[in-house]
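Working notes, structure below.
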Amino acid sequence: MSKAVLEVKHLHQYFEKGTPNENHALKDINLTLNQGDFVAIIGGNGAGKSTLLNSVAGSLPVNYGQVKIDGQDVTYQNVNKRAKLISRVFQDPKQGTATLLTVEENLSLALKRGSWRNFWTRGVKHNERQLFKAKLTSLGLGLEDRLGAEIGLLSGGQRQAVTLLMATILQPSLLLLDEHTAALDPQTSATVMELTDKIVQEQHLTTLMITHNMADASSTATGWSCWITGASWWIFKEMKRPA
Ligand SMILES: Nc1ncnc2c1ncn2[C@@H]1O[C@H](COP(=O)(O)OP(=O)(O)O)[C@@H](O)[C@H]1O
Ligand SMILES: [Mg+2]
C-alpha cells in the first residue's frame, strides 16, 4: 500500500469567527496525498485555495481538524518546524529567493534549509558549485552560465525555475506550489510548468499545486485534480499515477 504523505482531516477554517462578518472559508476538507501523487487544486478567486495551503504549511493556525505529514500530527506545529518537511514555491518569484545574492548563493542557502538563517556565510564550495551546475544544466535554460549573477537580474521565469530547484534540492516530503506560474506570461508559464512536471516525476515528489489555470491542472503528468469551492471538492480528472 502507498504511504500517505499528507492527510488533511475534517479541516475547517473561519475568518472573523463570532462576528457579523464571519466567513467559513473551508468546510470539512478531507484530502490524502500518497507518496508520488501530484494533485492540482483549481478554484476561482476566494475559493479557499490559499487558506488551504496556508493551513498545510502552518502559516495559518487550524481552527478545527487535523493535518498530518509523513504520519506526524503537525496541526499545532509552526511554519519553521514544518519547514523541514515542506517546500513551498509562491506566486511571486521574489518571495522564494534573496534578490541581492547570486544564483549559486541562493542555491547554497537552499541546501541548508531550516538552519541557514543562523549559520550561513557567503561563499560556495567547489563540490556544491558542481552540483548546482548539473542541476541548472538539466533545466535547459542556459542558467548554468549565470551561477555568479545576482538573482534579481534574472527574468521572472528564470528566477521561478531557480526557485523550483531550491525548493526541491533537498527532496522535501511535500512540495506546495502556490499558483507558482500565475505571475508569468503564458509561454514562460508553460515552460515553468514543464520543468515542474519533470522535477516532480524525476524525484517522485508528492506535490500539491494550487492554480486557477485549468490547463495547468489538467496537464500534470502524474496526478489528478480537484476543484475547490470551499464547501466541496470534485476530482474531475484522474490521470496515471507513477508506478
Ligand atoms: N486574512 C483573512 N481575513 C479575512 N478573510 C480572509 C482572509 N484570508 C482569506 N479570507 C477570505 O477567505 C476566503 C478564501 O480566501 P483565499 O483562501 O485567499 O481564496 P483563494 O486563494 O482561493 O483566492 C475568501 O472569502 C477571503 O475573502
Ligand atoms: Mg489565493
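Quick one: in the stretch 167-180, which of the residues that are buried (at least 23 other Cβ atoms within 10 Å of the Cβ) and away from ligand 2 (no atom under 16 Å from the Cβ) is nearest to D70 (Cα to Cα)?
L175
Do we find that A161 is part of a loop (DSSP other than H, G, I, E, B) and in contact with a Ser or Thr (Cβ under 9 Å, 6 or more places away or on another chain) in this structure?
Here the answer is no, as A161 does not meet what is asked.
What number of residues in the stretch 45-104 are of a type in the set (A, V, I, L, M, F, W, C), under 28 Å from G123 (Cα atoms), touching a residue at least 60 places away in the same chain (Cβ under 8 Å) and within 16 Å of ligand 1 (Cβ to nearest atom)?
Looking only at that region, the number is 2.
Taking the stretch 183-199 on its own, how many of its residues are within 16 Å of F90 (Cα to Cα) and β-branched (V, I, T)?
Of the residues in that region, 3 qualify.
Looking at the stretch 70-97, which of the residues that are of a type in the set (A, V, I, L, M) and farther than 25 Å from H212 by Cβ is modelled with the highest pLDDT?
If we take residues in the stretch 70-97 being of a type in the set (A, V, I, L, M) and farther than 25 Å from H212 by Cβ, then V74 is modelled with the highest pLDDT.
Of the residues that make up the stretch 14-37, is at least one aliphatic (A, V, I, L, M) and more than 16 Å from ligand 1 (Cβ to nearest atom)?
yes
Rundown of residues vs (1) in contact with a Leu (Cβ under 6 Å, 6 or more places away or on another chain); (2) of a type in the set (K, R); (3) modelled with pLDDT of 95 or more, yes/no style:
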site: K133; (1), (2), (3): no, yes, yes
site: L174; (1), (2), (3): yes, no, yes
site: A182; (1), (2), (3): no, no, no
site: S189; (1), (2), (3): no, no, no
site: E194; (1), (2), (3): no, no, no
site: H204; (1), (2), (3): no, no, no
site: W227; (1), (2), (3): no, no, no
site: W234; (1), (2), (3): no, no, no
site: K237; (1), (2), (3): no, yes, no
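When you go through (1) within 14 Å of ligand 2 (Cβ to nearest atom); (2) modelled with pLDDT of 90 or more; (3) not β-branched (V, I, T) one by one for G65, which number turns out not to apply?
Unmet condition: (1).
Give the residue, chosen from S55, S59, S87, that is out of contact with any Asp or Glu (no Cβ under 9 Å at 6 or more places or on another chain) and part of a strand (DSSP E or B).
S87
Only one of A57, A83 is within 16 Å of ligand 2 (Cβ to nearest atom) and surrounded by 15 or more Cβ atoms within 10 Å (Cβ to Cβ); which?
A57
The values are calculated or read from the model by the stated rules, or taken from the named source; none is laboratory data. Quick caveat, the model's predicted, so the values are computed rather than measured. A quick note on method: Cβ atoms are made from the backbone with ideal geometry, for glycine too, and the neighbour counts reach across all protein chains shown.
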